[in-house]
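The block underneath contains the structure these notes are about, expressed in structure tokens.
Throughout, read-outs are computed from the coordinates displayed, never taken from laboratory work. Note that the structure is predicted; figures quoted are calculated from it, not measured. Counting neighbours? That spans all protein chains shown, and the Cβs are built from the backbone with ideal geometry, glycine included.
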Amino acid sequence: MVRGAGMRGRGMDFEHRFKTSRWAEDLLISALNSTLGLITVRFGLSVVRPESELIYGNSILKEPDLLIFKLADLSGEQARLLESEDLEGADRRRFETGSDLSFVFRKAVAAIEVEFSPYKAREMKDRDWQPRSLDAWNRRPLKHANAPTAPNVIVKEEDLPRLTAWEQHTGVPIIVVHLFDQEAFAVLLNTLCNFNDAYEAGSSSEQIKLQVTTGIFKTLQSYDRVDAQGAGEKKWIFRVPPCAAFKVGDLADVKVKAQLGTSTSQKYVSHIIFEEGQLKVSPQFLEFLATYRT
């Protein structure tokens with residue numbers, strides 16, 4: 001979700017994406033809970049925050065959606081604060097040294113930026129696509145890097161420096177988690193930063209090789225606003241298929257429906273809405289969190 005940007009130009013499509021983003025966050029909060037020795041709370045806020053409440057010193061930062069903590073790392077008072085405080089709406093000055101929430105960035109295991117896509121993950125045709133080995137590439141280099149049609153973790157290039165700036169300021173590593181109707185996958189923000197550094201430094205042929213052999217792709221994506229005419233745009237994005245991501249878990253009992261609305265021009269539009277469901281977190285992801293940022 002975008003931080004520090006106004007609501008101008010956002011219509012029904014943003015409202016429906018916001019609802020589904022909340023659904024995805026709710027699943028992660030419910031799954032990564034005290035039964036696993038964790039506390040997961042909302043953090044980033046999708047509205048403009050007064051400059052006087054910011055502690056970051058600039059407006060280019062993008063705050064991640066969730067923060068994860070290990071219960072064993074928290075005092076009783078700290079755990080109570082996390083469960084009772086609204087970190088989304090909290091004045092950011094309260095996270096400074098000496099304030100009551102100053103422990104938050106120091107104790108967080110990781111931050112999560114949440115994404116979702118309305119696809120049937122296990123039925124996507126390139127679900128099991130694998131990158132080429134260097135030997136296979138050397139035997140037969142390709143002229144194009146075609147991203148697989150798979151349940152890709154997707155991150156916009158425009159978000160990369162803003163998320164990275166927040167990560168560097170707070171010291172909390174960011175994980176991008178992408179939910180579908182049946183599965184959830186993740187990639188470390190740092191992995192994308194390293195990939196992009198190599199991509200931007202390479203020639204055209206080196207960029208193709210890098211994508212095909214790592215399984216991470218950088219492509220130009222078209223975005224259309226279904227509730228506004230002439231609002232389409234193209235953005236560079238990173239695509240990370242399952243082979244280059246790690247499994248967060250499996251989803252079950254998700255309900256999918258269409259919701260009707262009207263655009264600013266009073267055109268009828270429909271949106272896909274995800275509801276209910278449970279996320280069963282994979283042992284590999286739990287093991288990763290247990291040893292991450294130790």
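Remarks
- Computed about the Cα centre, the dipole magnitude for segment 145-294 is approximately 160 debye when only Lys and Arg (+1) and Asp and Glu (-1) carry charge, each at its Cβ.
- Candidates 261, 283, 273 compared by Cα position along the dipole of segment 166-294: farthest toward the positive end lies 261, with charges placed on Cβ.
- Take every Cα pair under 8 Å whose residues are at least 6 apart in sequence, average their separation, divide by the length of segment 137-234, and the relative contact order is 25 percent.
- Per residue, the average separation of C-alpha pairs within less than 8 Å and at least 6 apart gives the chain a relative contact order of 20 percent.
- Simple point charges give the picture: +1 on the Cβ of Lys and Arg, -1 on the Cβ of Asp and Glu, and for the chain a dipole about the Cα centre of about 840 debye.
- Remark: the Cα gyration tensor places segment 195-294 in the oblate category, a/c being 1.5 or greater and a/b not exceeding b/c.
- Only helices enter the 222 nm calculation for the chain: every DSSP H run of n ≥ 4 contributes -39,500 (n - 2.57), and dividing by all residues gives -8500 deg cm²/dmol, rounded to 500.
- Anisotropy class of segment 84-167 from Cα gyration tensor, a/c 1.5 cut: prolate
- Sorting the segments 61-71, 185-195 by their residues' average number of neighbouring beta-carbon atoms within 10 angstrom, most packed first, yields 61-71, 185-195.
- Lys/Arg +1, Asp/Glu -1 at C-beta; segment 114-248 dipole; positive extreme among 248, 174, 144: 144
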